[in-house]
Amino acid sequence: MSALTPVTLIGLGPMGQAMVRTLLAAGHPVTVWNRTPSRADALVAEGAVLAATPAEAVAASDVVLLSLTDYAAMYDVLGGATDVLRGRTVVNLSSDTPGATRAAARWAADHGATLVAGGVMTPAPGVGTADAYVYYSGPEAAFRAHEAALALLGAPRYLGEDPGLAQLLYQAQLDVFLTALSGVAHAAALAQAAGVPPTRFVPEALRTLVETPAMVGGVDAPGPAFETGVHPGHLSTATMMGATAAHVLGASEELGVDTALPRAILSHYERALAAGHGRDSWTAIFEVIRAPRAAVPETAPVE
């Protein structure tokens, strides 16, 4: 793909705008469309072309990037442009479930287009920087044909032909992110209930997130245990971590802070103990998370 290959981008939220600016800076002619046209004003001043309709935007380029709220929005926007979809590659960088992504790939194929799914692993200010990367999956030939342009947005990580795979890993990363955010918010509420202001406590909580890899034995440490099912408990056992989880719940109850998150965490350890993992590492909770119904035998010993 040459540096001057036209690209269409539909959806001009903060992420879409950052992508347009990155592509323009590299020399790509960029056509844009947004439901609220005024969002394109600054981009047009910088060199983008505003299409009057989604069909006009699609017709302008062989590759169409979507940065929308979800996959349902793709049908809303492109539903009136199906006559011009044939032969084009639609790179959907919106968020949804793997199943919705596979259904969208079938819909695109029914209209003669090819869908490549993507998950952008950076906030809008990070688009185009050295730290940005993007998961992709779908037909490899379509991905490779546009890889050079896509690489401008962030390092491409192609995962395979299954269009749902990029979305799955994207959601898995958001699982980590959203759980961490809830953890920080819950911890700050706990500290505030004891009279410690969030402005004092939150920096310490964020430092804990940064130091977590060292606390669990290294950045790669849990991976082999999750993969092999071998959970040596020489550092921190499920029993010990479960007791800690119970103390967090108890503190939350004492101080009147919402208990949904600590109850959920404690349940992982309780089920791991019921499945006989009391002397194993905390990583044994993976066994009950990945197979919640099969993990606990009817007569499982409790450590």
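The values are calculated or read from the model by the stated rules, or taken from the named source; none is laboratory data. Predicted model, so just to flag it, every value in this text is computed and none were measured. Using ideal geometry, Cβ is built from the backbone for each residue, glycine included, and neighbour counts are taken over all protein chains shown. Ligands, DNA and RNA are stripped out before the accessible areas are found, and what is left, the full protein with its side chains, is counted by its heavy atoms. Shrake-Rupley method; radii C 1.70, N 1.55, O 1.52, S 1.80 Å.
Here the Gaussian network model covers the chain, with springs between Cα atoms less than 10 Å apart; of 195, 183, 80, 195 fluctuates the most.
Legend: calculated FRET efficiency, residue 189 to residue 211, from the Cβ-Cβ distance at R0 = 30 Å, rounded to 0.05, equals 0.90. Once you have a ≥ b ≥ c as the square roots of the Cα gyration tensor eigenvalues for region 1-91, tell me rounded if a/c is under 1.5, and otherwise prolate or oblate according to whether a/b is larger than b/c. Oblate. Amide H to amide H distances under 5 Å link residue 259 with no residue, where only residues 5 or more positions off or on other chains count and H is placed in the peptide plane. Around the amide H of residue 121, modelled in the peptide plane, lie the amide H atoms of 133, 134, 135, all under 5 Å away and 5 or more residues distant in sequence or on another chain. Over all other residues within a Cβ to Cβ distance under 13 Å of residue 63, the charged ones net out to 0, with Lys and Arg as +1 and Asp and Glu as -1. The calculated FRET efficiency for the pair residue 258 and residue 290, based on their C-beta separation and a Förster distance of 25 Å, comes to about 0.40. Across region 168-290, the mean sequence separation of Cα contacts (distance under 8 Å, 6 or more residues apart), normalised by length, yields a relative contact order of 28 percent. For residue 32, the residues whose modelled amide H falls within less than 5 Å of its own, excluding neighbours fewer than 5 places apart on the same chain, are 9, 49, 50, 51. Projected label points at residue 234 and residue 151, each 7 Å from Cα along the beta carbon direction, are separated by 4.3 nanometres. Taking Rg and Dmax of the Cα atoms in Å as calculated from this structure, the corresponding entry among (i) 19.7, 68; (ii) 23.6, 70; (iii) 19.9, 63 is (ii). A 1.4 Å probe run over the protein chains yields, for the chain, 50 Å² of accessible area per residue, whole-number rounding.
Calculated FRET efficiency, residue 176 to residue 42, Cβ-Cβ distance, R0 = 35 Å: about 0.55 to the nearest 0.05. Residue by residue, region 283-290 carries 3J(HN,Hα) couplings of 4, 5, 4, 4, 5, 7, 6, 6 Hz when phi is fed to the Karplus relation 6.51 cos²θ - 1.76 cosθ + 1.60 (θ = phi - 60°); x denotes Gly or Pro. Atom-type composition of the exposed protein surface of region 7-160 places 53 percent of the accessible area on carbon and sulfur (1.4 angstrom probe).
Distance between the pseudo-spin-label points of residue 69 and residue 130 (7 Å out from Cα toward the beta carbon): 3.8 nm. Look at the alpha carbon pairs under 8 Å that are at least 6 residues apart: their mean separation over the length of the chain gives a relative contact order of 11 percent. Reported to the nearest whole Å, the Cα centre-to-centre distance from region 65-125 to region 249-292 is 38. Students often get this wrong: which residues of region 137-176 have the backbone nitrogen under 17 Å from the point 7 angstrom along Cα-to-C-beta of residue 97? Only 163-175 fall inside the zone, counting backbone N under 17 Å. The phi torsions of region 174-180, fed into the Karplus equation with coefficients 6.51, -1.76 and 1.60 and a -60° offset, translate into couplings of 5, 4, 4, 5, 5, 5, 5 Hz, rounded to whole numbers, with Gly and Pro shown as x. For region 138-227, the set of GluC sites (Glu not before Pro) satisfying both a DSSP loop assignment and a count of at most 13 other C-beta atoms within 10 Å is given as 161.
For the residues 235, 249, 68, a GNM of the chain with alpha-carbon springs under 10 Å puts the largest fluctuation on 235.
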